[in-house]
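A short worksheet on the structure shown next.
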Amino acid sequence: MEKNYFRLAIRNLLKYRLITGINLFGLTVGVTCCLLITAYIIQELSYDRYNKNAARIYRVTRSFNNADGVVSLTLATVSPPFGYYLPADFPEIEKQTRLLEAGPVAIRYQEKLINEPDPFFADENLFRVFTVNVHKGDPVTALANPYSVMMTPQTARKYFGDEDPMNKTVRFRNLVNLKVTGIFEPFPVAAHVHPAMLVSFSSLADTLLYGAEQLRTNWGNNSLFTYLLLPPHYDPEKMVARFPAFLNNHMAGQYGGKKPSDFTKLGLQPLTRIHLYSHTDYEAEVNSDAKRVYIFSAIAFFILLIAGINYMNLSTARSALRAREIGIRKVLGAGRRELIFQFLSEAILLSAVAIVLGLILLYAAMPWLNRLADQHLTLSLLWKWPVLLSILLAPVLIGGLAGIYPAIFMSRFSPIKTLKGLFSPGRGTVSLRKGLVVFQFAVSIVLIITTAVVFRQLHYMQDKALGYDREQVVVMNLSSQVSDNYEAFRHDLLSNPSVKALTRSSRLPGGRLLDNSGASSLSGDSLVPVKTDIKYLAVDRDFLPAYGIQLAAGRNFSRDFGTDSSNFILNETAVRALNWPSAAAAVGKDFRYGLVRGHIIGVTKDFHFESMHQPIVPMILVQPAGNRDYNYLQVKIDGHNVRNALAHIERTWKKYSPEAPWQGNFLAENFDALYRSEQKQGGIFTAFSGIAILIACLGLLGLSAFTISQRIKEIGIRKVLGASTGSIVELLSRDFLLLVALAALIAFPVAWIAMHHWLQDFAYHTGLPWWLFLLAGAVAAIVALLTISIQAVRAACANPVKSLRTE
């Protein structure tokens, strides 16, 4: 019996080739999109779960409050003493491990000198907390001794080629020799951090990063990723509740006699939630966002739903063509149950073919999605029994859901009416078909608006005036050799006319301003602490002119004033936050920042140092007396002679810093990277919006073809009575365009609510102009009109004699 059902299903699917082709195409594309996004979601949800003890590992975070008790900064890193005191005060901690990002750093092996981008200092417990395969060396002791280093096979190959790397020696920052004690497998793609080189933590004191004493006393330098392995089923909130007392005990005196717990807090972050839910002000790598997973899941669902709607629409629409077949079957004894099974078997068979074609298309489309979304997805993500079981059951599920209504609807036909030719689908069916078309186009219009808003915001962020010139600026890390001989380096660099300016700073434009100290301003005869967090930026006297940053009042740092290392420049936002009447009124005021006391000598006009995700914050520019606070060098070059300028920078760098390879990039590239997430999102929205519209239009094409075929004699009569081709096309298109208009009215408020919420993630964002919504509706209407016109023009141009000769 079942074999007969599927034989008849094949015959009926082949009989109505156009409708079958449209349904098969829509379901195949829908299934492919679902599988692609399923692979993406599986990878996003699997981050860090490769660790055997993933559910028991927590990362220690630290936040800071401003004077009003509001969190102003949250870090994924903590200062060194926490790693010393936490295991002593909390005996429930089974293991602790720490990572310190150290790159990029110059590593030499014989004649090879490489700027290693991803070295980390790690303590000896790393492999007792994280699950990492070690190919060579003992994971327990490999990082126990000072001057030990472990590498991935790829990193070792850079230095040693095909030689055995074990026990070979490399030179670190031209300061110490490190012996290779192990080779470890690279951390999986689905890990929140990817070190390529691990240096023993006990080497820190001799690499000029931390002294042994600082590891117990330096509470201010928060740069260590600290992970705790807690007992099974342990409630981390118990430990978090004891953190305030821990801070007050060990950090007494750090905040002038006040309780440290009022100003800083510790938290515990589950390892498995870092990738999707952690958005601290400093991360080892750029994380994803759970909202993106929800959005892509919704897109996959709606694309498949649109394809299923096509099936329902076209199946119920062609019911009139199959009415006589159903009547004969009922007369011959077929019951509703048999008819429902027959129609469901057609839907299930079509879905099974779509699944097979979808898997083939998935293999071809996976590289495309990886390029578009900058992912590393593989088919192996789907080779898990829950996914495979879902794929096997998908034909029944998809076919059942898409085919159940048409099956029930058609099985209810009266055999007497169908055999007499009195069958009519009824208003309810027509209304359902129209409602489904409205839903399809409403989803398509929402996706069009979403795509347009994402790209509009992206262009807004890239084109908005920042308050300084970021073009043709080459940025690089400042080496100690260049820093020690900076004036001579500067003189040599500026000797070439292709170099227009150079400057130093503690942070680069586009990065986060994470440094701040307490500030005090003069009130009467004494300095009174201010309640405003003011972010610190160390710059030299060339910073403002190099970037073309304008002063609102006062002057810049100058070589003519030897005391400028004790003076300050504020931005306009800081002046407003301090409740001073104007920029000019701020100039000359006594001010203390941290331990430095001096005067405000200038106020800059506000400029966007951070990305557009962040508001402009109160900022203080300080010119340090020495070179210690400068981390980056920035060179403004002539845009008409870029090659010559870069060659000159590299030659000059090698002259002063032969042990640190020159590695620079353009500041504009850094800004592009800031918005790479939005760029990827926009590209994916564009692709999937196009797919959704294509499937909806194919359904509309099939539905309009069927509708027009039902009115072919009416069209013939109208032509005989003198109707023009244009009037007939207008008549046939009007009803469908009204449906698109109704879809637009539903889509507009949904899209506005969704995108208004999305834009709130940006401190500075574009608006949602009314014309953008009308444009999206017009695009959908034009696409629908073109789709309908293919059939309408053909019917209007047909010879009326052919359609009327049977009357």
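Descriptive notes on the structure:
- Size of charge dipole - the stretch 554-626 - debye, nearest 20, with Cβ of Lys, Arg +1 and Asp, Glu -1, no other charges: 140
- Along principal axes, Cα extents of the stretch 110-156, largest first, whole Å: 34, 22, 18
- Stokes-Einstein diffusion for the chain, with the hydrodynamic radius set to the Kirkwood value over Cα pairs and evaluated at 10 °C in a medium of 1.306 mPa s, equals 50 µm²/s.
- Table column - 3J(HN,Hα) (Hz), the stretch 295-309, Karplus curve with 6.51, -1.76, 1.60, x for Gly and Pro: 5, 5, 4, 5, 4, 4, 4, 5, 5, 5, 5, 4, 5, x, 5
- Given charges at Cβ of Lys, Arg, Asp, Glu: the chain dipole, positive-most of Val286, His459, Thr155: His459
- Taking amide H positions as modeled 1.01 Å from N, with prolines and chain starts lacking one, the residues under 5 Å from Glu124 and 5 or more places away or on another chain are Phe201.
- In this structure, the amide hydrogen of Val530, modeled 1.01 Å from its nitrogen in the peptide plane, lies closer than 5 angstrom to those of Ala519, Ser520, Ser521, counting only residues at least 5 positions away or on a different chain.
- Pairs beyond 21 Å (Cα-Cα), from Lys158/Lys680; Lys112/Lys168; Lys112/Lys654; Lys464/Lys605: Lys158/Lys680
- Distant-in-sequence amide H partners of Lys168 (H built 1.01 Å from N, under 5 Å): Val180
- Inter-site label distance for Arg216 and Gln110 at 7 Å from Cα along Cβ, in nm: 4.4
- Listed values for the stretch 288-293 are Karplus-derived 3J(HN,Hα) couplings in whole Hz (6.51 cos²θ - 1.76 cosθ + 1.60, θ = phi - 60°), namely 8, 9, 4, 4, 5, 5, and x replaces Gly and Pro.
- Solvent-accessible area of the chain (1.4 angstrom probe, protein heavy atoms only): carbon and sulfur portion equals 58 percent.
- Between the stretch 758-772 and the stretch 616-666, the C-alpha centres lie 36 angstrom from each other.
- Table column - 3J(HN,Hα) (Hz), the stretch 124-138, Karplus curve with 6.51, -1.76, 1.60, x for Gly and Pro: 5, 7, 3, 7, 8, 9, 9, 8, 9, 6, 9, 6, 9, x, 9
- Accessible surface calculations at 1.4 Å, restricted to protein heavy atoms, place the chain at 45 Å² per residue.
The values are calculated or read from the model by the stated rules, or taken from the named source; none is laboratory data. Since we're looking at a predicted model, the values are computed, not measured. Here Cβ is always computed from backbone atoms with ideal geometry, including for glycine, and neighbour counts include all displayed protein chains. Please note that ligands, DNA and RNA were not included when accessible areas were found on the heavy atoms of the full protein model with its side chains. Shrake-Rupley method; radii C 1.70, N 1.55, O 1.52, S 1.80 Å.
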